[in-house]
Each structure stands twice: as C-alpha cells, then as structure tokens.
Amino acid sequence: THPCKILLQNSEGKSMPAIMEGGELPGLLVNEIGGMHGVLHSHTEFLKRHFYLITMKELLEDRKYLRDKVQAIYLWWHKPVVDRELLQSLPNLKVIANSGVGMDHLDLKLIAGFGVKMANAPHAVSNSTADTGMALLLASARRIIEGCRVAVAPNVEYCEADLLGVEVTRATLGIIGMGSIGYKIALRARAFEMNILYHNRTRRKEQEEQLVGATYCGKLESLLQQSDFVMVVVSLTPQTRKLIGKREMELMKPTATLINISRGAVVDQEALVSALQDGVIRAAALDVTYPEPLPRDHPLLKLKNVIITPHLGIKTEKTARMITEEAVENILAALHGLPMPNEVLPN
Ligand SMILES: O=CC(=O)O
C-alpha cells in the first residue's frame, strides 16, 4: 500500500492530518463548488476532511490571507485556468492535481518552474473511458443513434437496408496507444471476439501476454490498413497532434470506422470532414473535438455518418469519486514530502 493510502485511511472519519503549522488544514483551491465548472457538491465533505477549501471567487475577493494559505489546487474539468498570474499569486503552492489523465491543457514547464508538483488520475479513469470507446464503437457499427431517431419519429419512412450496420464480432480493431485505457479497451474487445491490433511507441509484451492474441504493429500504416475499427487513445502531445491526417485516413479501409476518445487535435478535423464526405472511410464516432463543443454550423455536425458525444469519456459518478480520491492521495503525498503515486513531470 502506498503511504498515502494509509494517510487517507487513517483520516477517513477520524482526525485529519494537520500539515500546516498550528494544526491548520492546508488550503486547497478549487474553481467553484458545484455549478457549471465546480467540484461536485457531493465531494466537498470528503475534501473538507483533508483541506480548507477555497474557491476562486473567495481568493479574488480576499487577496492576501487566502493566497498565503493555498498549498494545493484541484483542477476539476480543466478549471481554474492555471496561468503565470495565478502561479505568481500563490506563494505557498506546492502541488496541482488534475481530475483526469490528459494534461495537455496545462503548461507543465511553467508550473514546474514555480517548483510546483503535478499529478493526474490515470487509474480512476481507465474503465469508464474504455466503456465510452466501446459504446461509440457499437453505436456507430449498429447505427444506434439513427435507429433511435427512426424509432421515436413515428412518421419516418425507412427501409431495412438503410439501417444495415457493420458486424462487430470478429472484426479487426486497431488500438492506437496501449496505455491503461488502450489495455482496458482490448480487454473489452476480446469479449466481442475481435481481432486486436495495437500501435504504441514501445511494444507492450506484458499486455500482449495478458490479452492473448493482441498483435503489435510497429508501423501505424499497417494497423490502419488492416483495421475495421480504429480507436485513438493516445494522449495529446506535440508528437501526436494531427497524428491521423489525410494520408492516414486514405490508408484506412473505405469500410472502416474511426473512433476518437483521446483529444480532438490528435485527428486532423478538416481532413476528417473531407474523408467522411468523400467516402474515404465509412464513419466516425467522436467523444472529443476541437473546439468543444463544436460551433453549431460546423460541417461535422451535418454529416450523417458521424456520432459526436460531449466528452463523456470519464463521466460516471463512480469514476468522478475515484478521481477525487486519487487527487487527494497525490496532494497529501506531495504535502507530506512522500513520493506521489501519479506524479507527472514536464517532458
Ligand atoms: O478527458 C479525460 C481525461 O483526460 O482523463
């Protein structure tokens, strides 16, 4: 057990770890409590067992006292925005914990330059994100959204052939990115008897053994050429920006479906619109786009062969709770000078 788990367990319902001088709880800055961009109301009791909660509004109203008190920030859904001005205004800030795995919204070098540590929450999110990927795959293959529209609009005329979908069982799934989410997708795909290919910077022999029968494609091209479904699961970095562009879509089968559950910018969206309009690929299912949400007049919203969901990836109540627990573990570790379970370093 990580030492922080012990800290958490000890403090559950009992006395809280007193970190600041005089036994005060350390200040934790959050954007707001509840509302559109705030930590969940239902998590505040748990957070308050460990921290003195401070919202951005309170911080801006108070100036000195609260600024000195803040030792940690918990970013809920990318908020508050961490910029130089905020970092400069918090002299005792030691750690920032992010409520998810992707850190592309943060300037990691800038934050590290202030001597502030960072953590993400990779374990909490992997199951629910993999579920979202499979949900999109199945919905697109079996035309669930179109079918639903037909079913609820009683006067719509349709012929059976219009709703013929693609068979998922024993189809080939190409997973781009074999991290913890990619692995969970492969586990699910195995239950659908899918033929699994994956591409990753480095070969993951251990995962291959556990999955039995997942084949490594050192070349992305080879995965794209063979797959009926291509699932994008890599994090967004300068190396993966527009990883899937015109050329990559042209390598895919015309019957193939592209599913993106990572970040919109990993796929070249203009190239995707053309590929879908021209029948270069069959369909796309996207949980992520750029920007989010798309402007109402965006061409992707007019295409019939696209499913778009509003970044639902990690959104279940259980995952949200686990994310907050993982964040608290990381923050407590940093504040106690212990190794953080999920420290993220600038690369
Ligand atoms: O988008 C979700 C995450 O980064 O975990």
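The values are calculated or read from the model by the stated rules, or taken from the named source; none is laboratory data. Computed from a predicted model, the values in this text were never measured in an experiment. Please note: Cβ atoms are built from the backbone with ideal geometry, for glycine as well, and neighbour counts cover all protein chains shown. Ligands, DNA and RNA are excluded from the accessible area calculation, which covers all protein heavy atoms including side chains. Shrake-Rupley method; radii C 1.70, N 1.55, O 1.52, S 1.80 Å.
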Point to revise | GNM result for the chain, Cα springs below 10 Å: residue of Gly102, Gly213, Gly179 fluctuating most strongly | key: Gly213
Study note, to complete from the structure: Under the helix-only model (-39500 (n - 2.57) for each DSSP H run of 4 or more, divided by the residues of the chain), the mean residue ellipticity at 222 nm, to 500 deg cm²/dmol, is -10500 deg cm²/dmol
Review point. Looking at Val306, Gln207, Asn92, which one has the Cα that reaches farthest to the positive end of the dipole of the chain (charges on Cβ: Lys, Arg +1; Asp, Glu -1)?
Key: Gln207
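Give me the net charge of Lys304's neighbourhood, meaning all other residues with Cβ under 12 Å from the Cβ of Lys304; Lys, Arg count +1, Asp, Glu -1. Walk me through the intermediate numbers first.
On the way: positive: Arg143, Arg149, Arg282, Lys302; negative: Glu146, Asp162.
That sum, taken over residues with Cβ under 12 Å, equals +2.
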Review point. How high is the relative contact order of the chain, in percent, with contacts defined as C-alpha pairs under 8 Å that are six or more residues apart?
Key: 17
Practice item. With an 8 Å cut-off on Cα pairs and a minimum separation of 6 or more residues, tell me the relative contact order of the stretch 258-322 in percent. Key: 35
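With +1 on the Cβ of every Lys and Arg and -1 on the Cβ of every Asp and Glu, and nothing else charged, how large is the dipole of the stretch 293-347 about its Cα centre, in debye rounded to the nearest 20?
Details: 6 positive and 6 negative charges, 104 e Å.
Computed charge dipole of the stretch 293-347: roughly 500 debye.
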Check your understanding: Quick one: putting +1 on the C-beta of Lys and Arg, -1 on the C-beta of Asp and Glu, what dipole do you get for the chain around its Cα centre, in Debye to the nearest 20?
Key -> 400
Review point. Which one of Ala151, Ile331, Ala191 has its Cα pushed farthest toward the positive end of the charge dipole of the chain, where Lys and Arg give +1 and Asp and Glu give -1 at the Cβ?
Key: Ile331
Revision key, fill the gap. Between Glu343 and Lys219, Cβ-based FRET efficiency (R0 41 Å, step 0.05) works out to 0.80
Check your understanding: Hey, what does the equivalent ellipsoid look like for the chain, semi-axes from the Cα gyration tensor as sqrt of 5 times each eigenvalue, largest first, whole Å?
Key -> 41, 22, 19
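If the only charges are +1 at each Lys and Arg Cβ and -1 at each Asp and Glu Cβ, what is the size of the charge dipole of the stretch 94-148 around the Cα centre, to the nearest 20 debye? Let's see the in-between values first.
Numbers: 5 positive and 4 negative charges, 29 e Å.
For this selection, approximately 140 debye.
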Practice item. Give the range of the longest stretch in the chain that excludes all GluC sites (Glu not before Pro) found in loop regions by DSSP and having at most 14 other beta-carbon atoms within 10 Å. Key: 194-347
Revision key, fill the gap. In a Gaussian network model of the chain with springs linking alpha carbons closer than 10 Å, the residue among Leu137, Leu220, Leu86 that fluctuates most is Leu86
Check your understanding: Rg(Cα) of the stretch 63-184 divided by 2.2 N^0.38 Å?
Key -> 1.66
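Mind listing which chymotrypsin sites (Phe, Trp or Tyr not before Pro) in the stretch 92-198 are in a DSSP loop and have 13 or fewer other Cβ atoms within 10 Å? Show your work: numbers first, answer last.
Values: sites: Phe114, Tyr158, Tyr183, Phe192, Tyr198; in loops: Phe114, Tyr158, Phe192.
Of the chymotrypsin sites (Phe, Trp or Tyr not before Pro), the ones in loops of the stretch 92-198 whose Cβ has at most 13 other Cβ atoms within 10 Å are Tyr158.
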Review point. What trypsin sites (Lys or Arg not before Pro) in the stretch 167-228 are in a loop by DSSP, with at most 16 other Cβ atoms within 10 Å of the Cβ?
Key: Arg170, Arg201, Arg203, Lys219
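How much area per residue is accessible in the chain when the probe is 1.4 Å and only protein heavy atoms are counted (Å²)?
On the way: 17230 Å² over 347 residues.
Result: 50 Å² of accessible area for each residue.
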